[in-house]
Amino acid sequence: MTAITLDGVATASAVKGELASRIKLLKAHGVVPGLGTLLVGDDPGSRSYVAGKHRDCAEVGIESIRVDLPASATTADVRAAIRDLNAASEVTGYIVQLPLPAGHDENAMLELLDPDKDADGLHPTNLGRLVLGIEGELHSPLPCTPAGIVEMLRRYDVPIRGRHVTVIGRGLTVGRPLGLLFTRKGLDATVTLTHSRTQDLPTEVARADIVVAAVGVPHLVKADWVKPGAAVLDVGITRVQDDDTGKGRLTGDVDPGVAEVAGHLSPNPGGVGPMTRAMLLANVVKAAEQRLHR
Ligand SMILES: Nc1nc(=O)c2c([nH]1)NC[C@@H]1CN(c3ccc(C(=O)N[C@@H](CCC(=O)O)C(=O)O)cc3)C=[N+]21
């Protein structure tokens, strides 16, 4: 048996097509959505992610505003840039690209964002709303990777309600908020949130109908851990230096042999990454729509 591929490129492209028509409607009402990015330092990976976000914006008709600070930027410089983005009327939503270079307190910087402009859903107010499960008027942006994972499972009709999800990794952008999202009313999954101190990871994975691997340990999840037919989503990514090109190769958290056991497999690259980017655009569009209705 070979798993059905959860195709993140195709699914993200469908999401972007739907967003493009909502953006047209917004513009017809005089609202121009604009995504800002704040990048500090010159990490090549972060730089290429940020470039990708600006390309995505151009593709769907969102204005994009790029703020790059040098690696030498002080915390006062970062604070000032965040203050400017909060004030800029053409920026309807923005992200602070993580990780920030060593020496900056990420949580303290995230608290400075205007929660209404937080396109990543990582401001404490928005994470708090995720915990509270608030819908409707106080609808909050969801962290992009968790939102992308759920959106992809939905579009492939992978059942979630009552199913057992094992999440590997408890990081701020994926594992921790994903556990909160999957256990919300309406999604109703049962979640095991594992991490580096988990005693028996193979057993925790074996009970899962859905496995999300988001730790950044190459090929950690082995075929003989996975329940036959389970959906496996490979999220973690590591640049492995195994050749002479100097560029390295991107390796996910899931061993290739898993494709023979899983029912669905979200590959990496080509899976959750493109969905993460699509959900960022969705957050910007939603925030602009809310602005229109305020
Ligand atoms: N404030 C903040 N928000 C983030 O959402 C955020 C962040 N900081 N810092 C870094 C991580 C990482 N991340 C990715 C998004 C898309 C791909 C993606 O689209 N990857 C392509 C491959 C791209 C390539 O080849 O480099 C794929 O999976 O097919 C990857 C990684 C968002 N992050």
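Nothing in this text is a laboratory measurement; each read-out follows from the coordinates by a stated rule. For clarity, every value in this text was computed on a predicted model and none was experimentally measured. Positions of Cβ are backbone-derived with ideal geometry, glycine not excepted, and every protein chain shown enters the neighbour counts.
Considering the Cα trace of the stretch 144-274, what is its radius of gyration and what is Dmax, both in angstroms?
14.1, 50
Report ³J(HN,Hα) in whole Hz for each residue of the stretch 166-181, in order, from the Karplus equation J = 6.51 cos²θ - 1.76 cosθ + 1.60 where θ = phi - 60°; Gly and Pro get x.
Using θ = phi - 60°, the values come out as 10, 9, 9, x, 10, x, 4, 8, 10, x, 4, x, 5, x, 5, 5 Hz.
Give me the distance in nm between label points sitting 7 Å out from Cα along the Cα-to-Cβ direction at LEU132 and GLU106, one decimal.
2.5 nm
Do you know the relative contact order of the chain, to the nearest whole percent, from alpha carbon pairs under 8 angstrom that are 6+ apart? Let's see the in-between values first.
Values: 575 pairs, mean separation 66.2, N = 294.
After rounding, I find 23 percent.
Which of rounded, prolate or oblate describes the stretch 232-294 when judged by the alpha-carbon gyration tensor and an a/c cut-off of 1.5?
The shape class here is oblate.
Treating only the Cβ atoms of Lys and Arg (+1) and Asp and Glu (-1) as charged, compute the dipole magnitude of the stretch 144-274 about its Cα centre; round to the nearest 20 debye.
In debye, rounded to 20, the stretch 144-274 gives about 600.
For the stretch 64-78, in order, what is each residue's ³J(HN,Hα) by Karplus, 6.51 cos²θ - 1.76 cosθ + 1.60 with θ = phi - 60°, in whole Hz (x at glycine and Pro)?
Residue by residue, the stretch 64-78 yields 9, 10, 10, 10, 10, 10, x, 4, 7, 4, 8, 4, 5, 5, 5 Hz.
Among LEU292, THR251, HIS104, whose Cα lies farthest out toward the positive end of the dipole of the chain, if unit charges sit on the beta carbon of Lys, Arg (+1) and Asp, Glu (-1)?
LEU292
Can you give the log10 of the normalised intensity I(q)/I(0) at q = 0.07, 0.08, 0.15, 0.16 Å⁻¹, computed with Debye over equal Cα scatterers of the chain?
Listed by q, the Debye log ratios stand at -0.26, -0.34, -1.22, -1.36.
Using the Karplus equation 6.51 cos²θ - 1.76 cosθ + 1.60 (θ = phi - 60°), what ³J(HN,Hα) coupling, rounded to whole Hz, does each residue of the stretch 83-91 give in order, writing x for Gly and Pro?
Rounded to whole hertz, the list is 4, 5, 5, 4, 8, 5, 6, 6, 8.
Using 18 Å as the Cα-Cα cut-off, could you pick out the over-long pairs in LYS27/LYS286; LYS53/LYS117; LYS117/LYS286; LYS53/LYS247? It would help to have the intermediate numbers written out before the result.
Details: LYS27/LYS286 13 Å; LYS53/LYS117 16 Å; LYS117/LYS286 11 Å; LYS53/LYS247 21 Å.
Pairs exceeding 18 Å: LYS53/LYS247.
Under unit Cβ charges (Lys, Arg +1; Asp, Glu -1), what dipole magnitude, rounded to 20 debye, does the stretch 68-192 have relative to its Cα centre? Mind showing how you got there, number by number?
Numbers: 12 positive and 16 negative charges, 147 e Å.
Charge dipole of the stretch 68-192: 700 debye, to the nearest 20.
Give me the distance between the Cα centres of the stretch 64-140 and the stretch 246-294, rounded to whole Å.
Distance between centres, Cα-based: 21 Å.
Starting from the coordinates of the alpha-carbon atoms of the stretch 77-211, obtain the Kirkwood hydrodynamic radius over all distinct pairs and give the value in Å to one decimal.
Values: mean 1/r = 0.0612 Å⁻¹.
With all distinct Cα pairs of the stretch 77-211 included, I get 16.3 Å.
If you put +1 on each Lys and Arg Cβ and -1 on each Asp and Glu Cβ, how big is the dipole of the stretch 1-95 around its Cα centre, in Debye rounded to 20? Mind showing how you got there, number by number?
Details: 10 positive and 11 negative charges, 51 e Å.
Dipole size: approximately 240 debye.
Once you wrap a convex hull around the alpha carbon atoms of the stretch 1-141, what is its projected area averaged over all directions, in nm²?
Values: hull surface 44.2 nm².
Reported value for the Cα convex hull: 11.1 nm².
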